[in-house]
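Novice: Submitted below is the structure of interest, expressed as structure tokens.
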Amino acid sequence: GDQVEQSPSALSLHEGTDSALRCNFTTTMRSVQWFRQNSRGSLISLFYLASGTKENGRLKSAFDSKERRYSTLHIRDAQLEDSGTYFCAAEAGGGSGNKLIFGTGTLLSVKP
Amino acid sequence: EAAVTQSPRSKVAVTGGKVTLSCHQTNNHDYMYWYRQDTGHGLRLIHYSYVADSTEKGDIPDGYKASRPSQENFSLILELASLSQTAVYFCASSEKGTGNERLFFGHGTKLSVL
């Protein structure tokens, strides 16, 4: 079936550095969402994209508008509170019943 | 901000027992979902609903039933709980067709089946 592949599976950053997470899709996707899961287990919505890019503070996400087969999440000037597990989820649309397919997550640790 | 409330926050159940997880949203969203998360994994869709009194099967519906008695409420029912259903369960809601179809999650229910 349709797959969402996230990379890297784990990432360690020092405060103040920049990095990027990526999701690849095995088929064309209609939209993508990014979430952060904190240490208490809560899932927080970061972005919803049907195309293009969105930015919110130090976070910026992009969705490949041509083939619609990958998305990225850029973290600028990483802070301790950015630590958590980041999930992307994509919607195939068409006959998929509008269901989201989740990646397996990137565990991000930001250190002083 | 959107609000999705789940109850209970955690539950211990015995194998073969019946478990009901409840979800309430005040977002006026049409779509509601039940996902399960297993340790170290992403979320998998169990059931979803896009209108009251109707539910749809997700990717892993076996062993689960769902009920949507109203737009605000969506329940997940385990008629005969099994060990393999130990997981964290998340309810979510979203609005479709608006161009901003973000998924809003509840805090999750940690279910342990013994």
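Novice: Please list, by residue number, every one of the trypsin sites (Lys or Arg not before Pro) in the range A:35-88 that is coil in DSSP and has at most 10 other beta-carbon atoms within 10 Å.
Specialist: Details: sites: A:R36, A:R40, A:K54, A:R58, A:K60, A:K66, A:R68, A:R69, A:R76; in loops: A:R40, A:R58, A:K66, A:R68, A:R69, A:R76.
Sites meeting the loop and neighbour criteria: A:R40, A:K66.
Novice: Can you find, among A:L21, A:Q33, A:P112, the residue farthest towards the positive end of the dipole of the protein assembly as shown? Put +1 on the C-beta of Lys and Arg, -1 on that of Asp and Glu.
Specialist: A:P112
Novice: Within chain A, what's the longest stretch lacking GluC sites (Glu not before Pro) that sit in DSSP loops with no more than 14 other Cβ atoms inside 10 Å? Before the final figure, lay out each step's value.
Specialist: Numbers: sites that count: A:E15, A:E67.
Counting at most 14 other Cβ atoms within 10 Å as exposed, the longest clean stretch of chain A is A:16-66.
Novice: With Cβ to Cβ distances under 11 Å as the rule, what net charge do the other residues near B:G58 carry (K, R +1; D, E -1)? If you can, show how the numbers build up before the last one.
Specialist: Values: positive: A:K99, B:R36, B:R44, B:K57; negative: B:E56, B:D59, B:D62.
Around B:G58, the charge tally is +1.
Novice: Quick one: putting +1 on the C-beta of Lys and Arg, -1 on the C-beta of Asp and Glu, what dipole do you get for chain B around its Cα centre, in Debye to the nearest 20? Please report the intermediate quantities before stating the final value.
Specialist: Numbers: 11 positive and 11 negative charges, 76 e Å.
It works out to roughly 360 debye.
Novice: Treat every Asp and Glu Cβ in the protein assembly as shown as -1 and every Lys and Arg Cβ as +1, leave all other atoms uncharged, and give the resulting dipole magnitude about the Cα centre to the nearest 20 debye. Mind dumping the intermediate values first?
Specialist: Working: 24 positive and 22 negative charges, 48 e Å.
In debye, rounded to 20, the protein assembly as shown gives about 220.
Novice: Further question on the same structure: Averaging the inverse of every distinct alpha carbon separation and then flipping it gives the Kirkwood radius. What is it for the range A:4-111, in angstrom units?
Specialist: Values: mean 1/r = 0.0722 Å⁻¹.
It is 13.8 Å.
Novice: Reachable lysines from B:K57, Cα under 22 Å, same-chain residues fewer than 8 places away excluded?
Specialist: Filter leaves A:K99, B:K18, B:K65, B:K96, B:K110.
Novice: While we're looking at this one, here's another question. Which pairs in the list A:K60/A:K111; A:K66/A:K111; A:K60/B:K11 are over 31 Å apart, alpha-carbon to alpha-carbon? Please report the intermediate quantities before stating the final value.
Specialist: Working: A:K60/A:K111 21 Å; A:K66/A:K111 36 Å; A:K60/B:K11 38 Å.
Pairs exceeding the cut-off: A:K66/A:K111; A:K60/B:K11.
Novice: Could I ask something else about it? What does the highest-first list of B:34-44, B:63-73 look like by mean Cβ count within 10 Å? Please report the intermediate quantities before stating the final value.
Specialist: Values: B:34-44: 18.8, B:63-73: 15.7.
The packing order, highest mean first, is B:34-44, B:63-73.
Novice: Can I ask one more? Suppose every K and R has +1 on its Cβ and every D and E has -1 on its Cβ; what is the size of the dipole of the range A:4-111 about the Cα centre, in Debye to the nearest 20? Write out the running numbers ahead of the final one.
Specialist: Working: 13 positive and 10 negative charges, 48 e Å.
Result for the range A:4-111 is approximately 240 debye, rounded to the nearest 20.
Any read-out appearing in this document is the output of simple, stated calculations on the displayed coordinates, not a laboratory observation. Just so we're clear, the structure is a prediction, and the values are computed from it rather than from any experiment. Glycine also receives a Cβ, built like all others from the backbone with ideal geometry; neighbour counts cover every protein chain displayed.
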